[in-house]
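Contents: one structure, followed by commentary.
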Amino acid sequence: MHKRPFAFLLILALLAAPALASAATVVARVGDRVITQADLDLQFDLFLRQSTGGAALSDEQRAQLAPLKKQYLQRMVQDAVVVQAAERLGLAPDEATIDRRVEQAKQRLSGEDAFLAALKQYGIPDVATYRRMAYDAMAYKAMIGWIRERLRVSEAATRMLYLLDQSAYAEPEQICTAHILVPSREEAEDVIARLKDGADFAELARQVSKDPGSAPRGGDLGCVALGRFVPEFERAALALQPGQVSKPVQTQFGWHVIRMNERLPARVRPYEEVRGQIRARIESRAIERFVKNLVAHADAEVYPDRVQ
């Protein structure tokens with residue numbers, strides 16, 4: 001089975017509000033829907049899997065994280081409130097839409113057997129539970145979209161936020177460099193000699209550099225803020241003008257031949273560059289307030305003392 005399709009299942013699960021209720025202990029109620037201990041256990045386990053990249057947790061680690069379960073229950077209640085708001089507005093998906101979503105999941109996983117195996121691997125008890133998760137995920141997304149479509153963020157508001165918080169968009173001085181890393185000084189001097197004879201820096205880096213990260217990119221290290229490189233490397237780089245190549249430079253990683261490509265001065269990113277980012281932040285805060293208001297006025301009860 002493939003890792004990415006499993007991630008597709010997890011995304012649906014983590015967006016979802018509570019799965020189908022069982023006869024287990026009820027730990028919360030939202031309208032006519034109950035959240036059981038079994039629902040909470042399933043969702044919390046999926047959350048932990050996502051948080052650890054799918055890595056298994058020891059019993060000791062699970063015990064340490066157990067206090068978070070009550071907090072996660074609050075998130076499940078919030079998500080259930082949002083789903084029910086979507087239902088009241090007629091935004092929730094119908095059965096045919098859920099059928100298509102399930103079929104898409106099966107296709108991503110290359111068939112029915114792989115789909116069922118994936119459900120089992122992630123502790124989802126049956127297809128009915130998965131359908132409920134898909135329903136809730138789609139309803140939740142539709143409701144958030146409905147809210148977002150009705151927001152009106154003015155140009156004046158975004159520009160004012162930019163002016164009030166310009167420090168958030170400050171960028172430090174950066175240096176844009178490339179290097180060729182070799183094990184010895186003699187090899188570094190040989191690299192410099194070949195460059196003086198007309199060898200192409202990028203091609204030479206691909207041929208001889210021992211840095212597996214930058215060698216395939218012709219030695220390119222990109223643009224990095226001052227203070228990110230080891231001191232020996234940074235001092236040598238700062239002594240160069242754009243286009244210049246250094247003498248051999250020794251660091252803990254070996255011997256470097258460094259080329260300075262460009263120096264970018266410290267700056268504050270212009271408004272036009274961050275306008276979309278500011279609007280997204282305003283929208284996110286507005287949606288958060290809207291959802292909190294929904295929860296505050298919802299017919300919901302939480303029973304934290306029952307959580308195990």
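For this structure, a couple of remarks:
- Selection status of G53, over 26 Å from the mean Cα position of the chain (by Cα) and exposed (fewer than 12 other Cβ atoms within 10 Å of the Cβ): no
- Listed by first and then second residue, the pairs linking a residue in region 227-244 that is at positive phi to a residue that is in a loop (DSSP other than H, G, I, E, B), with Cβ atoms under 9 Å apart and 6 or more places separating them unless they lie on different chains, are G227/P172.
- Within region 1-50, if we keep just the residues that are assigned to a loop (DSSP other than H, G, I, E, B) and at pLDDT 80 or above, the residue that is surrounded by the fewest Cβ atoms within 10 Å (Cβ to Cβ) turns out to be D32.
- So R228, is it outside the structural domain of A85 (by TED's automatic domain parsing), under 25 Å from the mean Cα position of the chain (by Cα), in a helix (DSSP H, G or I) and surrounded by fewer than 17 Cβ atoms within 10 Å (Cβ to Cβ): no
- Among residues that are touching a residue at least 60 places away in the same chain (Cβ under 8 Å) and over 17 Å from F47 (Cα atoms), A128 is included.
- Tally of residues being farther than 30 Å from G243 by Cα and touching a Cys at 6+ places or on another chain (Cβ under 9 Å) across region 143-187: 0
- Only one of the numbered conditions (1) at pLDDT 90 or above; (2) on the phi > 0 side of the Ramachandran plot; (3) among the polar types (S, T, N, Q) is violated by S110, and that is (1).
The values are calculated or read from the model by the stated rules, or taken from the named source; none is laboratory data. All figures in this text were calculated on a predicted structure; none of them were measured in a lab. As a convention, Cβ positions derive from the backbone with ideal geometry for all residues, glycine included, and neighbour counts pool all protein chains shown.
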